[in-house]
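This report concerns only the one structure given below.
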Amino acid sequence: MSPMQTVKTLPRAVIDGYLRAARLPVTAIGRITGQQANPHWGPGLAFDALAANVDNVLGGLLRDDVLVRRGQLEQARIAEVRRAEDLRVIAEQERADANDTLQERRDNAAQRRQSAAAAARARKQEVAQKAEERERQANTRAAQRASTARQTQAAQEKAIERQARRAKADTVARKARALETAEESLGAQRNVERLDTRIEASKAARRRSG
C-alpha cells in the first residue's frame, strides 16, 4: 500500500468508525421497535442519507473516490427507496381514494335503494289508502241506496196501506148504505103489508056489516 493510499485509508476508517458509532442509537431503536430490517423506516433512512452526504462531502475534500462513489451509490439507493415509498404512499392513497369512491358509490346505491324502497312503501300505502277510501265511499253509497230503498219501500207500503184502509172504508160505507137501503125497503114493504092488512080488514068488516 502506497503512503497516499494509507493516508486516504485512515480517514476512511475513521469516518466509518464515527458513522458506525453515531448509528448505534438508531440501530438500538430499530431493534426495539422491530424496524431494523425495514428499508423505509424514517430514522434509519434519515441517518443513511446523512452518512451518504458525509461520504460524498468528505470524499470530495479528501479526494477519496471510494468515499465519493460510496456516498453517491448510497444517495442513489436512498433516492430510489424514497421514490418507492412515495409511490407506495401514492398507491395507498389512490387505493384509499378508490375505496372511498367505491364506498361512496355503495353508500349512494344503498341510499338509492332505501329511497326507492321508501317510495315504494309510500306508493303502496297511498294505493291502499285510495282503495280503502273507494271502498268506504262505495259502502256509503250502498248504505245510502239501501236507506233510500227502505224509505221508498216504507212509503209504498204506507201508501198501499192507506189505499187499503180507504178501500175497506169505502166497502164498509157501501155495505152500510146498502144495508140502510135494504132496511128502508124492508120497512116500506112492511108498511105496505100493514096497509094491505088494514085495507083487507076494512073490506072484511064492511062485508060483514052489509
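Points worth noting:
- The helix-only estimate of mean residue ellipticity at 222 nm for the chain, built from DSSP H runs of length n ≥ 4 each weighted as -39500 (n - 2.57), is -35500 deg cm²/dmol after division by the residue total.
- Rounded to the nearest 0.05, the FRET efficiency derived from the C-beta distance between L186 and T140 at R0 = 45 Å is 0.10.
- Between 0 and 90°, nearest 10: helix 42-62 axis offset from the chain longest Cα axis: 30 degrees
- Reported label for calculated mean projected area of the Cα convex hull in nm² given [x] 14.3; [y] 21.0; [z] 25.3: [z]
- Cα long-axis angle, helix 3-33 against the chain (0 to 90 degrees, to the nearest 10): 30 degrees
- Every pair of different Cα atoms in the range 3-113 enters the Kirkwood calculation, which places the hydrodynamic radius at 17.0 Å.
- Here the calculated FRET efficiency for A96 and L19, from their Cβ-Cβ distance with R0 = 30 Å, stands at 0.20, rounded to the nearest 0.05.
- Relative contact order (%) - criterion: Cα under 8 Å, at least six apart; region: the chain: 10 percent
- Sorting 66-77, 90-101 by their mean Cβ neighbour count within 10 Å, with the most densely packed peptide first, gives 66-77, 90-101.
- In summary, the aspartates and glutamates within cross-link reach of K168, defined as a Cα separation below 20 angstrom excluding same-chain residues under 8 places away, comprise E157, E180.
- Computed E for L50/Q103 - FRET, C-beta separation, R0 41 angstrom, nearest 0.05: 0.50
Coordinate-derived values only; no laboratory data. Model, not experiment: these values are computed from the prediction. Neighbour counts are summed over all protein chains in view; Cβ atoms, including those assigned to glycine, are modelled from backbone coordinates with ideal geometry.
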